[in-house]
Amino acid sequence: MNCTHILSCASSKVGYGRIIGSGRLRLLSSKSKLKQNAEVSPTNSQLKIVALRYGIPMIGFGFIDNLVMITAGDLIDQQFGVTLGLSTLTAAGLGQCVSDVSGCLSGGLVDGLCSKLKIPHHHLTEKQLDMRISRVYRTVGCCVGVLAGCLLGMSCLLFIDTDAAERARRAKELESIFINTVHQGRTRFGAERATLYLLDERNKEIWSQVATGEKG
């Protein structure tokens, strides 16, 4: 083997070593970049703050939603349900429409009140908030908050006469039955005048609600 061949082999080994060395440096630099780009998982305390910050506003929205829906639905049921013959579910649906509109209008009020509570900040980046564990805590906080708000909004049922609309419907049905009975009885018997008397056994009274054949 001559000297030229030995020198070429040595130079090729040196070049190969340089290639391997540069490849290792590139691999190490890429790993370091990945480590720098990788976000640290949020701590338990940060996740609890995330759930708290998303759950507290939902308490206000749930409270307003259920409170307005029940109150508006009851008013619609009593004022228009009996007169127009609307069902209770129809009145509840209209009450929900009113509640949704009020929720849109009161969004700024709820956010303003929540900002005054001085809730601690989680100090998480957008990538950390987009992690799966952060989304889970955010969803759980919203669900618990809106459920608690809806239950609080149902407290208005303690001050509402929920049977008032049903009693009004029954009274209207009885009045319709009385009118039909009197008119049909008068026609069948060919009477000039007909009156339906009812006996109130509790108060020992006789009273009449419907009469025909009378002027004025």
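The values are calculated or read from the model by the stated rules, or taken from the named source; none is laboratory data. Remember, it's a predicted structure, so these values are computed and weren't measured experimentally. A quick note on method: Cβ atoms are made from the backbone with ideal geometry, for glycine too, and the neighbour counts reach across all protein chains shown. In case anyone asks, the SASA skips ligands and DNA or RNA and just uses the protein heavy atoms, side chains included. Shrake-Rupley method; radii C 1.70, N 1.55, O 1.52, S 1.80 Å.
The helices (runs of 4 or more DSSP H) found entirely in segment 43-134 include none that carry 3 or more residues being over 28 Å from residue 159 (Cβ atoms) and without any contact (Cβ under 8 Å) to a residue 60 or more places away in the chain.
Would you please name the residue that is surrounded by the fewest Cβ atoms within 10 Å (Cβ to Cβ), looking only at residues in segment 92-106 that are at pLDDT 90 or above and polar (S, T, N, Q)? Taking the candidates together, the pick is 96. Answer yes or no as to whether residue 173 is within 50 Å of the chain's Cα centre (by Cα), of a type outside the set (A, V, I, L, M, F, W, C), at pLDDT below 80 and open to solvent by 90 Å² or more (accessible area, probe 1.4 Å). Judged against the criteria, residue 173 is a match.
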